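Enquirer: One structure, pasted below without further comment.
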Amino acid sequence: MGAGSPRGGSMNFQDAVSHAKRSLAPVVELPSEAERLAALILHFCQEGDGASLQSIVNTSGSQLLSYEALGLAAASLLETDERLPAVLERWVLDVLRGTVVRPPMPKIAKSGWPGANNERDLMIFDAVKDLQKKGLTPSRNAMSPHTSGCDAVSEAMGLLGYPRLSYGTVKKIYEGVGRKIKAGGNPRLGVEISNRLRRSTSL
């Protein structure tokens, strides 16, 4: 039997894809890094924390993440007919006048902001481990049928409309999270902290 073939009595591959699709559905709703920072900016607006808001505005001329987050926060307030704090209102006017321009994408973030995919990667790892419990081997060799857990997760992500992740990419994610856990790391800790922050700062 090939390394990627389901073991006897295990879930068949199409059922595995359907199962993975259900467990990975929340991935498409994960916020971007800019959305997370925008939630924090909205919290500052609610609290009247002009100093913290100003600190983000001060970096928006050189940091793309700050620029994008301020734009999202301003749009959210305008869509609900809420008054923009004076600091944010001045920033919007400066953008419209062209005195503040969109900064370039930093090289380090061209493939995504550092840490932006931590939640996604943990969910992918958990999905592959879950399929392993149901009889699928996590990965396969080049000559085996494409029926491993990583294959099922790759196909499920595509069906969800998420930018397609190849088998190789899913396998790399699965093995990377696994290495962190074996080394004594706790990838769930960072995710829980970010989830807590988002819950406390979202409107």
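The values are calculated or read from the model by the stated rules, or taken from the named source; none is laboratory data. Values in this document were obtained by computation on a predicted structure and should not be read as measured data. Reconstructed Cβ throughout: ideal geometry from the backbone, glycine too, with neighbour counts over all protein chains shown.
Enquirer: Looking at the range 61-70, is at least one residue surrounded by fewer than 18 Cβ atoms within 10 Å (Cβ to Cβ) and touching a Gly at 6+ places or on another chain (Cβ under 7 Å)?
Expert: No, the range 61-70 contains no residue that is surrounded by fewer than 18 Cβ atoms within 10 Å (Cβ to Cβ) and touching a Gly at 6+ places or on another chain (Cβ under 7 Å).
Enquirer: Let me ask you something else. Which of the numbered conditions does residue 76 fail, given that it passes all the others? Conditions: (1) in contact with a helix residue (DSSP H, G or I) (Cβ under 8 Å, 6 or more places away or on another chain); (2) buried (at least 20 other Cβ atoms within 10 Å of the Cβ).
Expert: Here residue 76 clears every test but (2).
Enquirer: A further question on this structure: Tell me which of these residue 43 doesn't satisfy, since it passes every other one: (1) surrounded by fewer than 17 Cβ atoms within 10 Å (Cβ to Cβ); (2) in contact (Cβ under 8 Å) with a residue 40 or more places away in the chain.
Expert: Here residue 43 clears every test but (1).
Enquirer: Residue by residue through the range 37-81, note down the ones that are outside any helix (DSSP H, G or I) and within 21 Å of residue 117 (Cα to Cα).
Expert: 63
Enquirer: Next question, about the same structure. Condition first: part of a loop (DSSP other than H, G, I, E, B) and either modelled with pLDDT of 90 or more or touching a Leu at 6+ places or on another chain (Cβ under 7 Å) (or both). Now tell me which residues in the range 114-139 satisfy that.
Expert: Hits for the range 114-139 are 134, 135, 136, 137, 138, 139.
Enquirer: Oh, and also: Please go through (1) modelled with pLDDT of 95 or more; (2) exposed (fewer than 14 other Cβ atoms within 10 Å of the Cβ); (3) not β-branched (Val, Ile, Thr) for residue 111 and return the number of the only condition it doesn't satisfy.
Expert: If we test residue 111 against (1) modelled with pLDDT of 95 or more; (2) exposed (fewer than 14 other Cβ atoms within 10 Å of the Cβ); (3) not β-branched (Val, Ile, Thr), just (1) comes out false.
Enquirer: Could you list, in sequence order, the residues of the range 154-174 that are of a type outside the set (S, T, N, Q), over 11 Å from residue 121 (Cβ atoms) and either crowded, with 20+ Cβ neighbours inside 10 Å or without any contact (Cβ under 8 Å) to a residue 12 or more places away in the chain (or both)?
Expert: 155, 156, 157, 158, 163, 164, 168, 171, listed by residue number.
Enquirer: Restricting to the range 4-36, name every residue that is assigned to a loop (DSSP other than H, G, I, E, B), at pLDDT below 85 and either at positive phi or in contact with a helix residue (DSSP H, G or I) (Cβ under 8 Å, 6 or more places away or on another chain) (or both).
Expert: Those that are assigned to a loop (DSSP other than H, G, I, E, B), at pLDDT below 85 and either at positive phi or in contact with a helix residue (DSSP H, G or I) (Cβ under 8 Å, 6 or more places away or on another chain) (or both): 4, 6, 9, 30, 31.
Enquirer: With respect to residue 190, determine if the residue is surrounded by fewer than 17 Cβ atoms within 10 Å (Cβ to Cβ), in a helix (DSSP H, G or I) and at pLDDT below 95.
Expert: So residue 190 passes the test.
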